[in-house]
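Data block below; observations after.
The values are calculated or read from the model by the stated rules, or taken from the named source; none is laboratory data. All of these numbers come straight from a predicted model, not from anything done at the bench. Note: ideal-geometry Cβ built from the backbone for every residue, glycine included; neighbour counts use all protein chains shown.
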Amino acid sequence: MNKLNIALLAGGDSSEREVSLRSAKFVAGRLDREKYNIYHVDIHGLDWKCTAPSGHTAQVDRNDFSVVVEGERVRFDFALIIIHGTPGEDGRLQGYLDMTGVPYSSCGMTSSVITFDKSTAKRAVAGTGINLARELFIRRGERPDPAQMVAGLGLPMFVKPNASGSSCGVTKVCCMEEVIPAVEAALAESDEALAEEFVAGREFGCGVMVAGGREWVFPLTEIVPHKEFFDYEAKYTAGFSEEITPAKLDEHIAAEIRRMALAAYRACRCSGVVRVDFIVTPEGKPYMIEVNSIPGMSAESIIPKQLAAAGMSVGELYDIIIADRLSGHDH
């Protein structure tokens with residue numbers, strides 16, 4: 001059997017760059033070298049540096065997404081995208097790969113655009129029976145009225161970038177004086193900001209994948225931050241959060257989360273593996289927070305823990321996704 005040439009795309013240009021590189025290293029160690037030649041591609045602006053299995057490094061030719069290694073041109077059979085934030089999670093890379101004809105592991109371009117834009121994702125799932133927090137949308141250049149925002153959403157509220165990840169630029173606002181600094185912090189990460197009503201409760205993540213004619217909804221994870229909320233530090237620093245997989249939760253609430261997660265996956269036209277996050281109120285009502293189209297895949301990340309609880313390895317997950325895409329299933 002001929003080995004497939006896999007481009008493992010990592011890095012990117014967002015504040016999640018280091019997280020992406022960690023995830024890619026973890027995934028690379030779990031892919032089957034009997035099936036795949038793994039080419040690490042670190043994307044940083046227009047610098048696309050490829051490290052071949054031999055250790056040889058070269059720049060990727062972006063005209064046709066190929067690379068010359070020791071005098072021989074290598075074309076990629078598949079792209080495995082592990083880039084959080086731009087350009088991997090916002091649809092840009094997917095559009096480029098569609099143009100070059102190389103199949104890839106993540107949501108397609110349209111789906112990536114929808115899920116990366118939090119306000120658009122909420123509109124996409126509205127009407128599917130998914131509970132959503134009330135919101136106010138703020139564009140760069142607008143001067144929001146803090147009193148109006150507090151009247152509409154109450155306190156505390158969350159102010160977050162509309163298009164960003166890893167909780168970068170997210171503020172929990174507890175008084176009116178904090179509104180404008182919070183909006184400015186969010187707009188430092190994204191051209192638009194979202195203010196949302198605070199929904200008190202427990203936080204859960206649910207991994208979903210549809211591939212090879214099957215649906216997988218993985219065991220739930222409860223995220224227990226040891227901080228005010230699950231911010232960047234809590235996500236990526238040991239000891240700042242506890243993640244319990246499988247989550248201890250009443251089965252009827254867990255079933256409702258699973259139903260909503262799959263409904264969000266369908267409504268946003270996702271493919272590959274995604275993670276849908278929820279807050280469950282003390283009354284047991286789940287609210288969707290967001291859809292992560294390229295969830296973290298490092299040793300500390302939620303999806304690998306859910307896979308382990310389901311009896312599936314990270315390598316098996318990508319075997320399924322790669323086989324599904326190469327069999328001709330559309331994005």
Would it be correct to say that Thr171 is hydroxyl-bearing (Ser, Thr, Tyr), at pLDDT below 95 and farther than 21 Å from Glu142 by Cβ?
no
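When you look at Ser15, is it in contact (Cβ under 8 Å) with a residue 24 or more places away in the chain and either part of a helix (DSSP H, G or I) or among the hydroxyl-bearing types (Ser, Thr, Tyr) (or both), yes or no?
yes
Before we move on, is Gly201 of a type outside the set (Asp, Glu) and crowded, with 17+ Cβ neighbours inside 10 Å?
Details: of a type outside the set (Asp, Glu): yes; crowded, with 17+ Cβ neighbours inside 10 Å: no.
For Gly201, the condition - of a type outside the set (Asp, Glu) and crowded, with 17+ Cβ neighbours inside 10 Å - is not met.
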Tell me which residues, restricted to the stretch 119-160, are among the polar types (S, T, N, Q) and in contact with a Pro (Cβ under 7 Å, 6 or more places away or on another chain).
Asn131
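Being in contact (Cβ under 8 Å) with a residue 12 or more places away in the chain and outside any helix (DSSP H, G or I) is the filter here, so list the residues in the stretch 101-110 that pass it.
Taking the stretch 101-110 as the starting set, the residues that turn out to be in contact (Cβ under 8 Å) with a residue 12 or more places away in the chain are 102-110.
Val102, Pro103, Tyr104, Ser105, Ser106, Cys107, Gly108, listed by residue number.
Every residue in the stretch 120-140 that is in a loop (DSSP other than H, G, I, E, B) and either in contact with a Cys (Cβ under 8 Å, 6 or more places away or on another chain) or farther than 19 Å from Val183 by Cα (or both), please.
Taking the stretch 120-140 first, the residues in a loop (DSSP other than H, G, I, E, B) are 126-130, 133-134, 140.
Residues satisfying the conditions are Ala126, Gly127, Thr128, Gly129, Ile130.
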Residue tally, condition surrounded by 14 or more Cβ atoms within 10 Å (Cβ to Cβ) and within 20 Å of Ile81 (Cα to Cα), over the stretch 276-311:
18
Looking only at the stretch 244-286, count every residue that is outside any helix (DSSP H, G or I) and either farther than 22 Å from Glu135 by Cα or over 18 Å from the mean Cα position of the chain (by Cα) (or both) and tell me the total.
20
Could you grab me the full set of residues in the stretch 61-92 that are in contact (Cβ under 8 Å) with a residue 40 or more places away in the chain, within 22 Å of Lys35 (Cβ to Cβ) and of a type outside the set (Asp, Glu)?
Phe65, Val74, Arg75, Phe76, Phe78, Ala79, Leu80, Ile81, Ile82
Odd one out for Asn37, checked against (1) under 15 Å from Phe65 (Cα atoms); (2) touching a Lys or Arg at 6+ places or on another chain (Cβ under 8 Å)
(1)
Might you let me know whether the stretch 47-62 holds any residue that is within 22 Å of Ser327 (Cβ to Cβ) and in contact with a strand residue (DSSP E or B) (Cβ under 9 Å, 6 or more places away or on another chain)?
no
Let me spell it out: the conditions are (1) over 21 Å from Gly272 (Cα atoms); (2) in contact with a Cys (Cβ under 9 Å, 6 or more places away or on another chain), and Ile114 meets all of them except one. Which number is the exception?
(1)
Count, please, the residues in the stretch 21-78 that happen to be surrounded by 18 or more Cβ atoms within 10 Å (Cβ to Cβ) and of a type in the set (Ser, Thr, Tyr).
4
Among (1) assigned to a strand (DSSP E or B); (2) over 17 Å from Pro144 (Cα atoms); (3) not hydrophobic (A, V, I, L, M, F, W, C), there is one condition Glu189 misses while meeting the rest; what is its number?
(1)
So is Glu196 out of contact with any Lys or Arg (no Cβ under 6 Å at 6 or more places or on another chain) and in a helix (DSSP H, G or I) or not?
no
Residues that are modelled with pLDDT of 95 or more, buried (at least 18 other Cβ atoms within 10 Å of the Cβ), touching a Ser or Thr at 6+ places or on another chain (Cβ under 7 Å) and not β-branched (Val, Ile, Thr): does the stretch 222-242 have at least one?
no
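Please go through the stretch 71-100 and give me each residue that is part of a helix (DSSP H, G or I) and within 21 Å of Ile320 (Cβ to Cβ), ordered by number.
Initially, the stretch 71-100 is screened for residues part of a helix (DSSP H, G or I), giving 92-100.
Gln94, Leu97, listed by residue number.
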